[in-house]
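Here is the structure we will look at.
Every read-out reported here was derived from the displayed coordinates using simple, explicitly stated rules and does not represent laboratory data. Since we're looking at a predicted model, the values are computed, not measured. Cβ: placed from backbone, ideal geometry, glycine included. Neighbour counts: every protein chain shown.
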Amino acid sequence: MNNITLRKFLKLEYREPRSFLIELRKFELEVSQSKTAYKLRALRTNKLKEVREMREAAIFCHLMGERIGETIYLSPGEDQDHDFVAMYQSKEGNTFTKVQLKELAPTDIAASSTIEEIIASLEKYKDAENLCVAIHLNRELTFAPSSLKIPKLKIGSLWVFGAIKTDQSEWGLWGDFLSTSNYGTKHNYPDGTT
């Protein structure tokens, strides 16, 4: 990462994802029991797109943080090649990662879309060795990570995450599909009790 990018990332405001998700969950549960239109409940309006993407970013950072045993903070905001910046602090200093979110949308929105098509579309990134791509599986399906065919990609890492219970209380995180340490982990959605 060059010094200009590093200085830019140091100036960003970072948020801790767990508390955001706990507060959002209260709202989600309330709205899910109301007669609110599906597009509003699912954050599928143009005005709510930013909130939906912030939720996805927070979930990914929370899952990844639990996996590595560190709090991963996020700074939302799109740039040319990323949707947000993730940051965690270690003994060596701050580590920053540009993250691009992709979504396998629910079938009522994009029925013919597949995870394989999303992965194939990543071949457009030609010089993105420091870019993390996180694909949100936002539909009910049987996910078989070992059956994925991963082309030669020029990105830093490739992750897949999605709810593994219909009430979204449990989530799975799979990856890094570009390394030999490719495995899945199960995580609870934060509920504020621990």
| query | Around residue 190, with a cut-off of 11 angstrom between Cβ atoms, what is the net charge of the other residues, counting Lys and Arg +1 and Asp and Glu -1? | reply | -2
| note | Averaged over all viewing directions, the convex hull of the alpha carbons in the range 44-95 casts a projected area in nm² of 4.2 nm²
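Please go through the residue pairs 26/165; 124/165; 49/152; 154/186; 49/186; 126/152 and name each one whose alpha carbons sit more than 22 Å apart in this structure.
124/165; 49/152; 154/186; 49/186
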| Can you give the extra length, in nm with one decimal, that the chain gains between residue 30 and residue 164 once fully stretched, where that is 0.36 nm per residue apart less the Cα-Cα distance? | 46.1 nm
| query | Rounded to the nearest whole Å³, what is the per residue volume of the convex hull around the Cα atoms of the range 92-194? | reply | 141 Å³
| 5 Å-binned pair-distance histogram of the range 1-115 (Cα, whole percent) | 2, 10, 18, 20, 19, 14, 9, 5, 2, 1, 0
| query | Can you work out D for the chain in µm² s⁻¹ from Stokes-Einstein, where Rh is the Kirkwood radius over C-alpha pairs, the temperature is 20 °C and the viscosity is 1.002 mPa s? | reply | 122 µm²/s
| query | For the pair residue 7 and residue 127, what calculated FRET efficiency results from E = 1/(1 + (r/R0)^6), where r is the Cβ-Cβ distance and R0 = 25 Å, to the nearest 0.05? | reply | 0.75
| message | Modelling each spin label as a point 7 Å along the Cα-to-Cβ direction, I'd like the residue 108/residue 143 distance in nm, to one decimal. | response | 2.1 nm
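Residue 51 to residue 116: FRET efficiency via 1/(1 + (r/R0)^6), r the Cβ-Cβ distance, R0 25 Å, to the nearest 0.05? Can you show the working numbers first?
On the way: r = 29 Å, r/R0 = 1.14.
Taking R0 as 25 Å, the efficiency between residue 51 and residue 116 is 0.30.
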